[in-house]
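Asks: After the structure tokens below, expect a handful of questions from me.
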Amino acid sequence: MPRSPKRWTALAVLLSGLLLIPVVGLPTRAFAWQLFANAYQPALTINFDTGAPGSFFNLRGSGLPANAAGAVIVNGQNLGSVTTDALGNVDFTLRALSSSAGYYQVVLSVNPTVTTIYRISSSAPQHTQSGGAPVFNVGAAVTPNPVLHLTLIGR
């Protein structure tokens, strides 16, 4: 007597359930998919966080939308635009031409927006240009962010 498709389907469901028996009771750490949940979080990284006036800072945006245009903004001044590659990465360089000492906030606005900070200090080493990424000049028109110094008093 030939078996009906319903019986084959029931048999396939039963066997697929039996295949899961070896993994029942394993700790959830073995299935830690949460480790990869932030794999595509957008980020903006910088090679140096401090440099002398005239330094070059290489930045990399990652985890961004693919082939998307974005604005490079330093302390509220739009310096130009860049385009992400097919993987959602973009590289660019900032040159602190005649930047005053202080802190500078870099924003890469691609939707989402990512940000990082660097500092210009006359006592820091001067970093030379490396790589072939587009260069944006951070000139005298871009003023450093004000810094608030707080004194902590313990009792």
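Just so it is clear, none of the values below were taken in a lab; they were calculated from the coordinates. Everything numeric here is computed off the predicted structure, so don't read it as measured data. Glycine also receives a Cβ, built like all others from the backbone with ideal geometry; neighbour counts cover every protein chain displayed.
Asks: Using square roots of five times the C-alpha gyration tensor eigenvalues, list the equivalent-ellipsoid semi-axes of the stretch 40-88 in whole Å, biggest first.
Replies: Over the Cα atoms of the stretch 40-88, the ellipsoid semi-axes are 22, 14, 9 Å.
Asks: If you don't mind, there's one more thing I want to ask. For Asn78 and Gln105, compute 0.36 nm times the residue count separating them, minus their Cα-Cα distance, and round to one decimal in nm.
Replies: Extending this stretch completely gives an extra 8.5 nm.
Asks: Spelling out what I want: for every residue of the stretch 97-106, take phi, set θ = phi - 60°, compute 6.51 cos²θ - 1.76 cosθ + 1.60 (Karplus), and round to whole Hz; glycine and proline get x.
Replies: 4, 10, 6, 6, 4, x, 9, 10, 9, 9
Asks: State the three equivalent ellipsoid semi-axes of the stretch 73-155, derived from the C-alpha gyration tensor as the square roots of 5 times its eigenvalues, in descending order and whole Å.
Replies: 27, 17, 13
Asks: Label Ala86 and Asn145 with points 7 Å out from Cα along Cα→Cβ: what is the distance between them in nm?
Replies: Spacing of the two 7 Å Cα→Cβ label points: 3.6 nm.
Asks: Local charge sum around Val106 (other residues, Cβ-Cβ under 15 Å, Lys/Arg +1, Asp/Glu -1)?
Replies: +1
Asks: Taking the beta-carbon count within 10 Å as an exposure proxy, list Phe48, Phe92, Phe56 from fewest neighbours to most.
Replies: In increasing order of surrounding Cβ atoms, one gets Phe48, Phe56, Phe92.
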